[in-house]
Amino acid sequence: MSSVSLRSPLTSVQQQKLDQCDALRRPVVLGSARATPSKAVSTVALRSRRAVQTVSVAASKPEADFPPGHQNSQWPTGIPPVMGGHVMPSGEVAPKSESTGPGTGAIHMFQYYDSGKDFTILVHKDEAEVASGLVQMIVDASAAAIAEHGSFSIALSGGSCVGALSGLASTKGVEFEKWQVFFVDERVVPLDSSESNFKAAQDAFLSKVPVPESQVHAIDPTLPPATAASAYEFKLLASDCPRNAAGKPAMDLILLGVGPEGHTASLFPNSVATAEKEALITSVINSPKPPAQRITFTMPLINAANNVVVVASGAGKAEVVERALEMQSLPGALPVQLVRPDGALTWMLDQASAADLNQKEWTNPKAWPRSELPKPKRGAKKK
């Protein structure tokens, strides 16, 4: 015989365990204390200041699926199938795991990357030089694409990114008639609305260059967001945009901005749209940034591009640039970190947005990438 002393009386859950064991007629241990059953009978005594409850459970031979016990094990006849860690608070036996091994179960909603890919960072003096450098990059990409396959497909983002393209209106020697213009994301608003990315691009340069109207692909804002997204995807698939080896549209150039919380296009942190893996274009009906209803390129379409440029300028973007390029974040927390195109990736910054980067440490595996932001020095003023 052996006994186990616990500091509490028999609880209802423990009683249920005993009832189960009585039905199974197998030894059991209640609590974390050790007990060594005899060959015939195991006695578990539960003691408290007020009472002692004793239950005897007849031991039985282990079944074939019981792991055999080691000669020095506290379970010489095999590990009991019901133990404290395997019983739920309700007293029922927890279900067995159905896992078939790592990487074979349900897929996480965001894509994890096993390794990074080289990318280019261009740091210009100020926002004006960023705009000038961006225009030249587009001109060069256009010439290369037209020389290769006879057309140039470009996807524009809104905000300050499209505003930087005004210099295209005065650029000579560009074969605009061979352009196919799409929009990375668009608000479901009338095309003449001040919230429309189409209107912003028209005002910046499109109305001033000879891109045929039929080759500037706007959304149909009269449709519900989901229908508008499907219609826009059909329009993309029907265009002569180049395809990759898998048959997916591979834009010659996609321009992206980045928000202060890490969103890009209309893919916001930890959102369903950011996690989309099948559709090329999807709808957003509850954008945290107004207007709420939008359509957007998805990560699979963005990452199929031949060239992607992320543009961020100004001191207001310094923190998110540092977090995106130097911090380890859970996929989905900073959507711009999920931009890993099959082609080339370029970050175009100015000195103000790149001010917090510490690229000298990037070759030091102990210092980069970091998992937390550096703590401000004592007495340092907040930015």
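Put simply, the amide H of VAL123, placed in the peptide plane, has neighbours under 5 Å in LEU349, leaving out anything fewer than 5 places away on its chain. Segment 224-284 and segment 130-185 have their alpha-carbon centroids 18 Å apart.
Using a 1.4 angstrom probe on heavy atoms only, work out the carbon and sulfur share of the accessible area of segment 299-363 in %.
Working: 1040 of 2320 Å².
Whole-percent figure for carbon plus sulfur exposure: 45.
Taking every protein chain into account, the 1.4 Å probe leaves LYS235 with about 80 Å² of accessible area, to the nearest ten.
What Kirkwood Rh does segment 127-265 have if only Cα atoms enter the pairwise 1/r average? Answer in Å.
Numbers: mean 1/r = 0.0642 Å⁻¹.
The Cα-based Kirkwood calculation yields 15.6 Å.
Rounded to the nearest whole Å², what accessible area per residue is found for segment 129-229 with the 1.4 Å probe? Before the final figure, lay out the partial values.
Numbers: 4190 Å² over 101 residues.
Ligands and nucleic acids excluded, the result is 41 Å² per residue.
Backbone amide hydrogens, once placed in the peptide plane, bring ALA305 within less than 5 Å of MET251, ASP342, GLY343, excluding anything fewer than 5 places away on its chain.
Carbon-plus-sulfur fraction of the accessible area of segment 101-249, 1.4 Å probe, in percent? Heavy-atom surface of segment 101-249 belonging to carbon and sulfur, 1.4 Å probe: 54 percent.
The values are calculated or read from the model by the stated rules, or taken from the named source; none is laboratory data. From a predicted model like this one, the values you see are computed outputs, not experimental measurements. For the accessible areas, the whole protein counts, side chains as well, though only heavy atoms, and no ligand, DNA or RNA atoms are used. Shrake-Rupley method; radii C 1.70, N 1.55, O 1.52, S 1.80 Å.
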